[in-house]
Each structure stands twice: as structure tokens, then as C-alpha cells.
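I have placed the structure first, in the form of C-alpha cells, so that the comments after it can refer back to it.
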Amino acid sequence: MTLGKTALARIPAIRCKIHSLFSAPHSSSSTNRTSPPLSRHMSMKSENLVSKLTSSGLLKTQGLIDGKWVDAHDGDTIEVLNPATGEVVAIVPCMGQSETNNAISSAYDAFRSWRKLTASERSQRIRKWYDLLIAHKEELGQLITLEQGKPLKEAMGEVSYGASFIEFYAEEAKRVYGDIIPATLGDRRLFVLKQPVGVVGAITPWNFPLAMITRKVGPALACGCTVVLKPSELTPLTALAAAELALQAGIPPGVLNVVMGKAPDIGDALLASHEVRKITFTGSTAVGKKLMAGAAGTVKRLSLELGGNAPCIVFDDADLDVAVKGSLAAKFRNSGQTCVCANRIIVQEGIYDKFADAFSKAVQSMQVGDGFSEGVTQGPLINEAAVQKVESFVQDAIFKGAKVLLGGKRHSLGMNFYEPTIISNVTEAMLLSREEVFGPVAPLLRFKTEEEAILMANNTKAGLAAYIFTNNVQRSWRVTEALEYGLVGVNEGLISTEVAPFGGVKQSGLGREGSKYGMDEYLEMKYVCLGDMNRK
């Protein structure tokens with residue numbers, strides 16, 4: 001993940017805004033506020049969409065604690081902006097330590113009863129949540145596009161992907177098995193129980209405002225844990241809508257709580273609490289390290305999905321069409337704002353020029369624009385800071401000798417739009433090679449031998465995802481085993497699925513999400529030795 005991908009990574013930039021500066025003040029005790037009072041800031045098109053979402057009951061603009069919709073205690077608020085237009089979509093509470101402590105208490109109280117439900121009872125409620133997510137796929141997709149900017153088709157794809165974790169873990173809830181150990185003595189019985197960890201603090205980023213939540217909350221609830229969720233302050237509306245549907249599904253008050261706002265204060269409260277037994281976080285490596293240090297005080301369990309620097313290796317023997325299609329998907333999905341984006345496209349010299357030409361033609365056909373416009377395949381970056389970061393990386397590459405083949409500047413649409421960009425003659429000395437650009441920029445690097453490609457690919461502290469394109473089966477095995485990454489796509493650019501483990505090695509994090517292995521992150525193992533009570 002790139003710096004700034006999550007609210008915690010933007011600690012210096014987070015400032016709550018007093019609601020009364022922008023519109024009529026509201027009472028912090030209100031429990032029914034569901035629509036933003038700033039419609040005068042929006043275009044008619046956006047205003048109609050917001051009105052429609054409000055009528056559906058899914059546009060929530062308050063935090064959720066113990067099943068109640070609440071404002072910040074001090075009345076502070078945050079504006080949620082549409083990154084494509086700059087319009088204020090909604091105003092939400094800017095919460096902090098006090099509200100987080102209340103949410104923790106609510107989750108702790110709910111844990112006592114939620115964990116006692118049978119696996120089947122939890123499964124049925126989680127499955128109902130899945131059904132509601134799918135039933136409201138269109139509205140959720142619209143919310144994602146409004147606050148995050150990705151094209152509507154892509155946003156609705158995220159809803160399906162995010163909901164798949166809820167469906168999968170509704171089923172896995174019934175498969176938390178223990179174990180029987182052959183006893184060492186005849187008058188004893190030894191067995192292992194798996195029990196829920198307890199209250200979980202989940203901190204999620206803005207680039208996948210639904211899927212990053214469901215991938216954490218799904219297994220937590222399935223195991224019998226309760227959750228305090230802190231979504232990014234840039235994209236809280238999707239999280240709040242998902243939480244509303246969880247309530248409608250019969251998930252009891254307090255089992256899922258949502259707070260947003262002052263990231264340092266919320267993070268500190270989660271770390272300091274003895275009632276919070278686990279932190280799960282997706283975001284930058286820098287913030288992940290801070291969470292690791294902070295969790296030491298109470299010895300919490302951690303799951304961390306952190307920064308990436310994904311190589312995409314294209315060998316001479318690759319099918320050119322497959323390599324172009326796969327690299328395009330791996331690089332430009334969500335405008336390059338994914339943790340598994342192809343950050344470095346490393347191409348063997350024999351196919352380099354052909355690939356660069358074919359790849360450029362494919363990228364030229366991409367349509368940039370507002371995610372609600374027909375045919376758009378790339379939306380805006382999340383904010384101005386993200387655009388400035390991309391600009392700085394491109395300028396660094398040009399200064400050090402790289403050549404812009406396509407794009408390389410802000411889009412004529414203005415706002416947070418940046419042209420899909422391809423840069424050739426990139427070297428390992430450039431920022432584009434060393435750090436995540438987190439934008440629509442594809443750097444092309446050249447290599448000669450398989451050994452050189454592996455060395456280049458592994459020359460990073462990150463180890464999340466990697467991609468290779470080759471028609472040589474033996475090579476695919478050799479390179480896959482040599483790559484120091486948690487995920488490897490072979491002749492495929494889209495590799496994420498709910499049934500497979502997702503996570504990295506080295507400084508890309510700890511633990512795995514998704515699949516049956518994702519359940520283990522929320523379970524404690526208890527060994528029981530049962531003696532013979534009639535033993536003399």
C-alpha cells in the first residue's frame with residue numbers, strides 16, 4: 001500500500017471540520033440523520049443520486065455504536081468528497097478516542113452473547129447479510145463510485161467480490177474444527193478447541209471501501225468475534241451502508257461498530273484497550289510498523305497487509321496478447337490504486353519493443369472520466385495529494401533518463417484525473433522502481449536473463465504480489481518458487497479470490513486473509529487435558 005492509502009497514513013493531514021461552518025448545525029444526539037445537508041454544493045445529477053440513495057436507506061452519515069447511529073460527541077465533522085468533481089457528497093462525524101472507547105465497550109459486551117450462538121445461527125445471519133449486499137449491489141456500487149471514484153462497472157464488481165467473502169465465511173462458520181490428540185497415558189484424554197479471539201479492531205483503506213471490510217469482518221464474525229471498524233475518512237459511506245445491511249440481516253447491536261475520524265486517536269484507543277484482542281490492518285508499511293510497536297503494550301494479535309512493489313515479468317516466450325491483457329489488468333485497475341498493482345513491468349529484451357508498442361496501443365484505448373459516464377475505464381485518483389505524488393515520481397524518472405511513451409501529465413479533465421502513462425528506459429535507481437506509485441503509471445524495465453529478472457523482482461523490501469508471463473512450464477515453476485512474494489499470478493493479471501489466501505512476505509505484512517486460512521487469524525487454540533476423575 002502507498003503512504004496515504006489509509007487514514008492512519010495521513011495522520012498529519014487529518015483535521016475535523018466544524019459542521020456549522022458549512023451548513024446548519026445538528027445535534028450530536030441525533031439518531032436518524034441519513035442525508036448530507038450540503039446538497040447546494042452538488043450538481044443536479046449528483047443531488048438526484050444522493051436523494052435516491054437516501055431514500056433507499058443506505059446513505060448513512062453517522063457512526064454506529066451498539067446498534068445506534070450517533071454523531072461525534074463534540075459535533076466535529078468531516079466532508080466526504082467526490083474525487084471526480086470535488087463535490088461534497090456527505091458530512092460524517094469526526095470521532096476520536098471517546099467514541100472509540102464506547103464502541104469497544106459495546107463490542108466487548110456483545111461478544112459474550114455472540115460467541116455463544118451456535119455456528120449455524122451465526123452462519124444464517126451472515127448469509128442473510130450476503131443476500132442483502134447482493135440485493136443492493138447497484139446502490140452500493142453507486143456509493144463506491146461517488147466517494148472513491150472508480151468506474152461504476154468496476155465498483156459493482158467490487159460489490160460482488162466483497163460480498164463473496166461474506167458468503168464464503170457464512171459457510172466456513174460451520175467448519176471450525178478442533179482436534180483429538182492420542183493420549184500419552186491411558187487415564188487421560190487430550191483435545192484442542194478453537195475459540196474466538198475476542199474484540200477485533202479493523203482498520204481499512206479507501207481504495208476498496210467494501211471489499212477490504214468484508215475480507216476482515218466476514219471471518220471475524222464467523223468465528224464468533226465482534227468488531228470495531230475504522231474505515232478511511234475518505235470513503236466512510238460504503239462502510240456505513242454495509243453496516244446498515246448487517247443490522248437488517250439480524251446481526252445483533254454491538255457485534256459490528258463503525259467509528260471514523262481522528263485516526264491517531266482511534267488507533268491509540270484500539271491499541272491501549274485490554275478488551276481489544278486483535279488488530280487487523282490494511283495500509284502502508286510505515287503505519288503497520290507503528291501498529292506493531294503499539295500492540296506490544298497489550299500483546300495483541302496482528303494481521304497486517306502492507307505495502308507492495310509488484311513486479312510483472314514478461315519473458316520472450318510469452319504470448320504477447322496474453323501478456324498485454326494481463327499486464328493491463330494488473331496495472332490500471334482502479335487507476336493503479338491497488339496494493340497488488342504491477343508496479344514494475346520487467347520485459348525481456350527480445351520482446352521489449354513489441355510489448356511496449358502493443359501495450360501502448362492498448363492503453364491508448366482506455367477512456368478516462370467520471371465513473372458514472374458510459375464507457376469510462378479509468379476514474380480519478382483519490383485526491384490532489386495522490387496526483388502530486390504521481391507527478392513527482394514521473395518527474396524523477398524523466399530527470400534520470402526515462403522516456404515517456406504515453407501520457408505523463410495531468411488529464412485535461414482537471415481535478416484528480418491523470419493520464420494513463422507508460423514510461424520506458426526505467427532503471428532501478430528511479431522512484432518508480434523502488435516505491436509504489438499508486439497511480440496509472442506503467443514503468444517498463446528491460447532484462448536479459450531469467451536470473452537477472454528474478455534478482456530485479458526480489459530487489460525490494462516488499463513481497464506482496466508478483467506476475468509472470470511465459471509459455472514455458474518449467475520456467476513458470478522455477479520463477480514462481482524463486483520469487484519472494486505471497487501471491488504469484490502466472491499468465492494472469494487478476495488473481496484475487498475469496499477462496500485463496502491473500503497476504504505478503506517480508507515487509508508486506510503478517511497473516512493471510514481470505515480462504516479457510518483466513519479463519520485462523522481470528523481463532524485461539526486451547527489445549528485441554530482431561531484426567532480420569534475416578535483415578536485413585
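When the surface is traced with a 1.4 Å probe over the full set of protein chains, Ser496 keeps roughly 40 Å² accessible. How about Lys128: which aspartates and glutamates have a C-alpha closer than 16 Å to its C-alpha, ignoring those fewer than 8 places off in the same chain? Straight-line reach from Lys128, under 16 Å: Glu167, Glu171, Glu172, Glu244. Using a probe radius of 1.4 angstrom, the carbon and sulfur fraction of the accessible surface of the stretch 410-536 is 54%.
Span-like helices, the chain: DSSP H, alpha-carbon axial extent 27 Å or more, mean Kyte-Doolittle -0.5 or greater, which ones? Span-like helices here: 152-172. Reducing the stretch 92-114 and the stretch 333-352 to their Cα centroids gives an inter-centroid distance of 41 Å. Protein heavy-atom accessible surface, 1.4 Å probe, per residue over the chain: 39 Å². Pairs with C-alpha atoms separated by more than 20 Å, drawn from the list Lys150/Lys289; Lys361/Lys400; Lys331/Lys361, are Lys150/Lys289; Lys361/Lys400. Counting only Cβ charges, +1 for Lys and Arg and -1 for Asp and Glu, the dipole size of the stretch 404-453 around its Cα centre is about 320 debye.
Dividing the mean sequence gap of close Cα pairs (under 8 Å, 6+ apart) by how many residues the chain holds gives a relative contact order of 17 percent. With a simple spin-label model that places each label point 7 Å from the Cα along the Cα-to-Cβ direction, the separation between Ile180 and Lys153 comes to 5.5 nm.
Pairs with C-alpha atoms separated by more than 31 Å, drawn from the list Lys137/Lys461; Lys230/Lys389; Lys60/Lys278; Lys230/Lys403; Lys60/Lys194, are Lys137/Lys461; Lys230/Lys403; Lys60/Lys194. Of all aspartates and glutamates in the structure, those lying under 17 Å Cα to Cα from Lys262, and not within fewer than 8 positions of it along the same chain, are Asp71, Asp74, Asp76, Glu79, Glu99, Glu233.
The values are calculated or read from the model by the stated rules, or taken from the named source; none is laboratory data. Predicted model only: the values in this text are computed from it and were never measured. All Cβ positions, glycine included, derive from the backbone under ideal geometry; neighbour counts span all protein chains shown. Accessible surface is based on the protein model in full, side chains and every heavy atom, while ligands, DNA and RNA are left aside. Shrake-Rupley method; radii C 1.70, N 1.55, O 1.52, S 1.80 Å.
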